[in-house]
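Presented below is the structure to which this report refers.
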Amino acid sequence: QVQLVESGGGLVQAGGSLRLSCAASGRTSSMYVMGWFRQGLGKEREFVSALSWSGDVTRYADSVKGRFTISRDNAKNTVNLQMNSLKLEDTAVYYCAARFLGVTTTPGSYNFWGQGTQVTVSS
């Protein structure tokens, strides 16, 4: 089992940057695939990015490619999402999620979720 806690959300102007962090706890947390999802008001939860525990496999939604970067530090049991060139449409609650092994991009395939952190982009 793993527990996840997100942090780093806030208010930022369009074109700015923000870094989200997710702290994972659990005896086998380094073996979990970590993912970031987001959900805007009135919208479905959507995939943002994911990273395997070894760091050799990454996935990005087309909408964030070239702007967002996912990384993890297994020694610290954390996963980060560096968000650059933020756009108004990036406004959402961002969730950290985890599953055992295989990298996937669908919310339903992830077993563990954090509480979410709000990211608001203004113009």
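None of the figures in this text is laboratory data; all of them are computed from the coordinates on show. These numbers come from a predicted model, not from an experiment. Note: ideal-geometry Cβ built from the backbone for every residue, glycine included; neighbour counts use all protein chains shown.
Annotations
- When region 9-51 is filtered for residues that are among the hydroxyl-bearing types (Ser, Thr, Tyr) and farther than 24 Å from Leu88 by Cβ, the ones remaining, listed by number, are Ser25, Thr28, Ser29, Ser30, Tyr32.
- Comparison of Leu88, Leu11 shows that the only residue that is among the hydrophobic types (A, V, I, L, M, F, W, C), loosely packed, with under 12 Cβ neighbours inside 10 Å, in contact (Cβ under 8 Å) with a residue 12 or more places away in the chain and within 21 Å of Ser123 (Cβ to Cβ) is Leu88.
- When each of Gly108, Gly102 is tested for being in a helix (DSSP H, G or I) and surrounded by fewer than 18 Cβ atoms within 10 Å (Cβ to Cβ), the lone residue that passes is Gly108.
- Selection within region 31-46 - among the charged types (D, E, K, R) and part of a loop (DSSP other than H, G, I, E, B): Lys43, Glu44, Arg45
- Residue match in region 49-61 (condition: farther than 24 Å from Gln3 by Cβ, of a type in the set (Asp, Glu) and out of contact with any Ser or Thr (no Cβ under 7 Å at 6 or more places or on another chain)): yes
- Considering region 59-82, and only residues there that are in a strand (DSSP E or B) and touching a residue at least 40 places away in the same chain (Cβ under 8 Å), the residue that is surrounded by the fewest Cβ atoms within 10 Å (Cβ to Cβ) turns out to be Gln82.
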